[in-house]
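Take a look at the structure set out below.
The values are calculated or read from the model by the stated rules, or taken from the named source; none is laboratory data. Since we're looking at a predicted model, the values are computed, not measured. As a convention, Cβ positions derive from the backbone with ideal geometry for all residues, glycine included, and neighbour counts pool all protein chains shown. Side chains included, ligands, DNA and RNA excluded: accessible areas come from the protein's heavy atoms. Shrake-Rupley method; radii C 1.70, N 1.55, O 1.52, S 1.80 Å.
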Amino acid sequence: MRSLSMALFITLAMASFAHAQDQSDVLLQSMRQQSLSTKTIYSRFTQEKHLAIFDEVVTSKGYFVFERPQKLRWEYESPFRSGFVFSGDNGKRWDDLTGIQDVDLASDPVMRVVAEQVLAWTTFDLDTLQQQYLIKVKGTVPISLDLTPKSSALASIINHLLIVFADDGKTITTVELHDQDGDFTRLSFYDTQLNQQLPTGTF
Amino acid sequence: MIILYDALKKHRTGMLLSVAIFIAACVFAAITAPQRNDISVMIPDSGQLAEDFALLQQSPLTGKIIINLHAETASATKQLGPAAVALAQALPGPLISTVVDGPQEELGPALISWLVTHAPSLLNDADLKKLEEMTTPTAIEAAMQHNYRDLLSPQGSALKSIIRMDPLGIRTLLFPKLKSLSLSSSIRIKNDHFMSESGTDLLLIAETPVPMTDSDGSSELIAHLETTFTDLPTGITATYTAGHRHTLANASIVQSDIRLALGLSLALLVAIFCIFLRRARAIIVFLVPGCVLAAALACTRFGYDEISGIVLGFGAVLIGISIDFALHVYFACSGPDSTRANSLQNISRPLLFSTLTSLGAFGALMLSSIPAIRQLAMFTIYGLSFSLLLSLVVLPHLLGNNTRIPPIKTARRIRTIPKGLYAGYILFLLVCLAFSLRVHVDGDLRSLGYMHPKIVAEENVIRSTWGGLDTTELVFTPAGKEEPALEANDATYKLIKQHSPDTMLSSLAPLVPSPSTQQQRIADWQAIWSSERLQTVTRAIDTEASKYGFSAAAFEPFKILMAEIVSPITINNADEAGLGEIIDLFLVPQKDMVRLLTILPESVGANPAISTALEQFGMRKVSSAEVKRELEQGVRDDSVRFLGTAALIVLLLLILLFRNLREVFAAALPPICAAVVVMGLAGMTGNGLNLFSITAFPIVLGLCADYGIFMVHVSQGKADVSARKATLVSGLTTLAGFGTLALTTHPALKAMGTSVLFGVGAALPAALFLTPAVTGRKA
């Protein structure tokens with residue numbers, strides 16, 4: 001009798017796990033479809049750096065612009081002006097101290113990884129994210145996802161990512177990047193506009 | 001001879017049975033003999049050249065498979081990376097141990113940390129001057145501002161630990177030193193792959209446990225590579241270089257050449273048999289070369305570990321020349337059994353001296369420093385010795401009674417030829433003599449081994465894309481323990497940089513300096529970083545840091561690093577930084593010692609001042625071009641040695657045999673004519689004589705001297721007139737054996753065959769007509 005109960009319990013647990021897994025997959029796929037339908041994104045952000053190297057939380061403000069397939073502009077406006085813009089493998093970075101510099105992502109592995117990651121998180125590029133991270137659905141209202149790096153190279157820097165969506169599930173409101181040593185960075189997005197005409201000269 | 005014949009006659013059955021068992025054992029040994037087909041058997045195994053070739057084999061990419069993926073169109077370039085990753089996953093297995101498609105991904109943070117930690121050992125005087133400029137208040141202010149901005153950027157998480165350890169940016173002085181580990185200036189790192197400048201080609205390097213000398217393994221390896229390449233996406237093509245391709249190509253071509261040469265030889269011998277012998281019992285004569293071949297291979301096998309494919313190809317030649325003695329015996333024994341002993345007695349002296357001239361000529365080849373040539377010489381010496389033994393001792397007992405050979409109609413035609421033909425022949429000889437003065441020696445390695453055009457074409461593509469290592473010089477330190485090797489490596493680097501500061505060198509010296517260099521640098525570093533200076537700099541860092549809200553402990557790792565006693569860099573701890581695989585490319589282990597390697601452009605290595613200085617330090621400089629020059633010189637030296645020794649031996653034997661100047665000259669005429677014609681034709685065509693065409697010379701001298709010996713004996717009346725026919729048929733069988741080699745594809749076999757074809761072809765008329773004319777008696 002006891003073994004039968006145990007077997008029943010295990011079966012029910014596995015069934016509910018499988019059901020939950022199926023639901024997660026369905027959710028992710030619907031989010032993927034949503035992101036694919038997005039051609040442009042404009043969003044402002046506030047960045048909080050919770051790093052032990054600083055006495056206090058350091059806050060920056062800026063905005064980013066995305067245009068499919070691979071154009072990205074990421075700009076800080078305070079506490080200083082700096083940023084980068086990419087179209088494919090080529091781009092520029094600027095800083096109000098050093099001016100504008102050309103960048104070739106193919107030859108600069110650090111910038112390439114940065115651009116790839118930022119692009120993947122902010123646009124919810126599920127194909128790239130699933131290649132590089134194990135994704136768990138933590139909550140559905142609002143939708144929140146926990147991402148753990150698969151590769152040891154990425155895991156040496158990032159412990160996990162937390163991505164939270166708006167209530168309508170169409171835009172990302174928060175990305176938290178947790179380092180291995182306990183530090184974390186929080187990006188809070190607001191005034192997000194999807195599929196709007198972008199000003200010329202953005203990229 | 002008579003006593004021997006009569007004695008064996010009584011025990012004929014037992015003798016024949018013993019011989020049959022022996023031959024059967026030889027056939028088994030011959031069939032199971034292991035083969036070797038790589039180029040190393042063509043390279044001298046002693047002297048400086050052998051040492052240089054062995055060192056050249058130690059170059060970083062020797063033994064490895066270099067794969068080039070090419071994007072056929074601009075749109076296909078995006079496929080290169082994924083195709084490389086897929087190939088790097090599909091290839092490894094029993095035949096391929098590792099595939100490198102780019103720098104190790106773990107190399108980043110660990111390597112930067114290692115570099116900064118060992119900065120005191122790595123920074124030279126010029127670097128330290130720049131470092132001093134980086135420690136001014138203005139520079140520190142700028143550095144901290146940059147650090148703050150970098151930490152706030154998206155890449156901040158990745159840079160955090162590095163900035164804490166190196167707030168001043170010392171790493172910017174260290175990164176350029178990594179360029180010294182690049183094997184080629186044509187390689188760029190893009191998207192974590194080795195890419196060409198144009199972006200249309202991607203490089204992969206594969207390691208294999210299959211030795212280049214293993215023909216069967218090479219075949220499996222090549223098949224595995226080419227099957228895997230079929231899975232590449234459309235628009236991406238693969239070309240590759242590997243020594244195994246040449247091994248396989250040579251093995252394949254030698255095998256098909258052996259089949260062609262042996263098959264054709266046998267067919268021609270059958271034709272000669274039908275025309276000149278025409279007796280069923282004469283088939284026994286053809287058993288002799290078959291038995292000789294088996295016995296020679298068996299004896300060669302026990303003398304050497306492996307038999308070269310060249311020697312096997314030479315088997316066809318051995319058939320052609322070993323039958324000569326059997327033919328002479330056959331023709332001499334054309335009579336009842338009762339007269340056989342006397343016939344053998346008469347033929348034995350010229351036969352013995354013929355054998356001795358041939359053995360002497362082949363013996364000259366034993367002076368060669370090339371293993372394949374020496375093996376070929378021993379193979380032929382065994383073969384000719386067995387041929388003499390079988391022909392004189394065994395064959396007469398198999399011929400039975402009344403083996404009178406019916407005359408052939410052509411014999412009458414041969415005896416009288418128009419004087420015009422004599423004149424024409426002599427004119428031809430004079431023309432050849434004139435052209436022989438233009439002949440040159442060709443020492444190119446490519447003329448010694450078979451180079452498949454497709455393989456050569458692909459190698460050229462890879463060389464033009466990535467810059468070939470065969471346009472570089474390799475400098476090896478003397479073999480020694482790690483510390484002296486590093487000292488010598490440093491000295492090499494400094495010496496070359498002194499003479500040619502802008503040269504791009506590939507060397508370990510910038511990243512693994514010698515202990516004495518490290519000691520000096522650490523002392524210089526400590527002189528800069530006095531406690532006062534350190535305090536000033538750390539105070540400045542703290543001041544600037546506080547402006548940006550850095551914590552008090554933010555740059556503690558930097559302070560700890562500055563205060564630490566620096567541990568020296570060794571090859572082992574460089575390995576721990578993830579540089580192990582790259583460093584291994586510059587290490588040449590030699591038992592319990594090591595040589596270190598520096599790679600520089602050939603144009604720099606050719607600088608006499610650099611060459612002299614390197615030699616004074618005991619460094620060994622090697623390049624493909626230099627090995628080629630040494631080989632060319634070696635071939636010239638060998639040719640003088642072979643020809644001189646063979647000619648001397650033949651001449652001495654002729655003098656010993658005839659002791660009459662006129663008869664010696666008459667006997668020497670055929671080999672003289674042969675040499676003139678071969679050299680003349682080489683001079684006429686401009687092709688030159690390579691190692692193997694020169695190797696054929698002693699063969700030609702020995703064989704053609706045999707014809708002269710027999711013809712002089714016939715002229716003296718000391719040999720039966722049937723010896724004339726035997727000489728003719730011998731010459732034809734030799735042409736049948738060698739002539740087929742002229743049709744082969746392998747350059748070594750072809751060169752030998754062509755030399756002997758023309759040499760013997762010219763010597764035969766000289767032997768049959770000029771020699772009797774010189775002796776002044778009717779043949």
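Of B:189, B:170, B:163, which residue is at pLDDT below 90 and either within 30 Å of residue A:176 (Cβ to Cβ) or among the aliphatic types (A, V, I, L, M) (or both)? Sole residue among the options that is at pLDDT below 90 and either within 30 Å of residue A:176 (Cβ to Cβ) or among the aliphatic types (A, V, I, L, M) (or both): B:189. For the stretch B:562-578, the count of residues that are within 14 Å of chain A (Cβ to nearest Cβ), under 29 Å from residue A:58 (Cα atoms) and more than 40 Å from the chain's Cα centre (by Cα) is zero.
This table checks each residue for (1) among the hydrophobic types (A, V, I, L, M, F, W, C); (2) in contact with a Ser or Thr (Cβ under 7 Å, 6 or more places away or on another chain); (3) without any contact (Cβ under 8 Å) to a residue 60 or more places away in the chain; (4) in a helix (DSSP H, G or I).
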residue: B:694; (1), (2), (3), (4): yes, yes, no, yes
residue: B:701; (1), (2), (3), (4): yes, no, no, yes
residue: B:705; (1), (2), (3), (4): yes, yes, no, yes
residue: B:709; (1), (2), (3), (4): yes, yes, no, yes
residue: B:718; (1), (2), (3), (4): no, no, no, no
residue: B:731; (1), (2), (3), (4): no, no, yes, yes
residue: B:737; (1), (2), (3), (4): no, yes, no, yes
residue: B:740; (1), (2), (3), (4): no, yes, no, yes
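The single residue among B:560, B:565, B:599 that is touching a strand residue (DSSP E or B) at 6+ places or on another chain (Cβ under 6 Å) and of a type outside the set (S, T, N, Q) turns out to be B:599.
Please indicate, with yes or no, whether at least one residue in the stretch B:138-147 is hydroxyl-bearing (Ser, Thr, Tyr) and either modelled with pLDDT of 95 or more or open to solvent by 60 Å² or more (accessible area, probe 1.4 Å) (or both). Within the stretch B:138-147, one or more residues are hydroxyl-bearing (Ser, Thr, Tyr) and either modelled with pLDDT of 95 or more or open to solvent by 60 Å² or more (accessible area, probe 1.4 Å) (or both). Restricting the search to strands (runs of 3 or more DSSP E) fully inside the stretch A:49-157 and requiring at least 1 residues that are over 28 Å from residue A:196 (Cβ atoms) and more than 7 Å from chain B (Cβ to nearest Cβ) gives A:99-104, A:133-140, A:143-149. Which of the residues belonging to the stretch B:353-393 are part of a helix (DSSP H, G or I) and over 30 Å from residue B:331 (Cα atoms)? Passing the criteria: B:364, B:365, B:366, B:367, B:371, B:372, B:373, B:374, B:375. When B:229, B:273 are checked against the criterion of being in contact with a Phe, Trp or Tyr (Cβ under 7 Å, 6 or more places away or on another chain), more than 14 Å from chain A (Cβ to nearest Cβ), more than 30 Å from residue B:552 (Cβ to Cβ) and aromatic (Phe, Trp, Tyr), a single residue qualifies: B:273.
Go through the stretch B:236-281 and report how many residues are part of a helix (DSSP H, G or I) and among the charged types (D, E, K, R). Explain how you work it out, then say what you get.
Residues of the stretch B:236-281 part of a helix (DSSP H, G or I): B:243-277, B:280-281.
Checking which are among the charged types (D, E, K, R) leaves us with B:245, B:257, B:259, B:281.
Final tally of qualifying residues: 4.
Against the conditions (1) facing chain B (nearest Cβ under 9 Å); (2) in a strand (DSSP E or B); (3) surrounded by fewer than 20 Cβ atoms within 10 Å (Cβ to Cβ); (4) of a type in the set (A, V, I, L, M), residue A:177 satisfies every one except (3).
If you check residue A:170 against the conditions, is it touching a residue at least 24 places away in the same chain (Cβ under 8 Å), of a type outside the set (S, T, N, Q) and not in a loop (DSSP other than H, G, I, E, B)? Spelling it out, it is not the case that residue A:170 is touching a residue at least 24 places away in the same chain (Cβ under 8 Å), of a type outside the set (S, T, N, Q) and not in a loop (DSSP other than H, G, I, E, B). Taking the stretch A:116-136 as the range and being under 18 Å from residue A:173 (Cβ atoms) and modelled with pLDDT of 90 or more as the test, only A:135 passes. Each residue in the stretch B:369-389 was checked for being more than 26 Å from residue B:23 (Cβ to Cβ) and surrounded by fewer than 24 Cβ atoms within 10 Å (Cβ to Cβ), and 2 of them qualify. Screening the stretch A:158-174 for residues that are within 14 Å of chain B (Cβ to nearest Cβ) and open to solvent by less than 40 Å² (accessible area, probe 1.4 Å) and picking the one that is nearest to the chain's Cα centre (by Cα) gives A:161. Annotation note: Cβ proximity below 6 Å between a residue of the stretch A:45-57 that is within 14 Å of residue B:553 (Cβ to Cβ) and a residue that is of a type in the set (A, V, I, L, M) (sequence gap 6+ or interchain) occurs for A:53/B:554. Counting the residues of the stretch A:181-200 that are in contact with a His (Cβ under 6 Å, 6 or more places away or on another chain) and either without any contact (Cβ under 8 Å) to a residue 40 or more places away in the chain or farther than 23 Å from residue A:57 by Cα (or both) gives 0.
Filtering B:486, B:508, B:561 for residues that are open to solvent by less than 30 Å² (accessible area, probe 1.4 Å), assigned to a helix (DSSP H, G or I) and closer than 26 Å to residue B:588 by Cα leaves a single hit, B:486. Of the residues B:662, B:629, the single one that is closer than 30 Å to residue B:373 by Cα, not hydrophobic (A, V, I, L, M, F, W, C) and not in a strand (DSSP E or B) is B:629. When B:653, B:643, B:669 are checked against the criterion of being of a type in the set (A, V, I, L, M) and out of contact with any Gly (no Cβ under 8 Å at 6 or more places or on another chain), a single residue qualifies: B:643.
Tell me which residues, restricted to the stretch B:151-185, are among the hydroxyl-bearing types (Ser, Thr, Tyr), open to solvent by 30 Å² or more (accessible area, probe 1.4 Å) and more than 13 Å from chain A (Cβ to nearest Cβ). Selection gives B:172, B:182, B:185. Among the criteria (1) open to solvent by 40 Å² or more (accessible area, probe 1.4 Å); (2) within 14 Å of chain A (Cβ to nearest Cβ), the one residue B:248 does not fulfil is (2).
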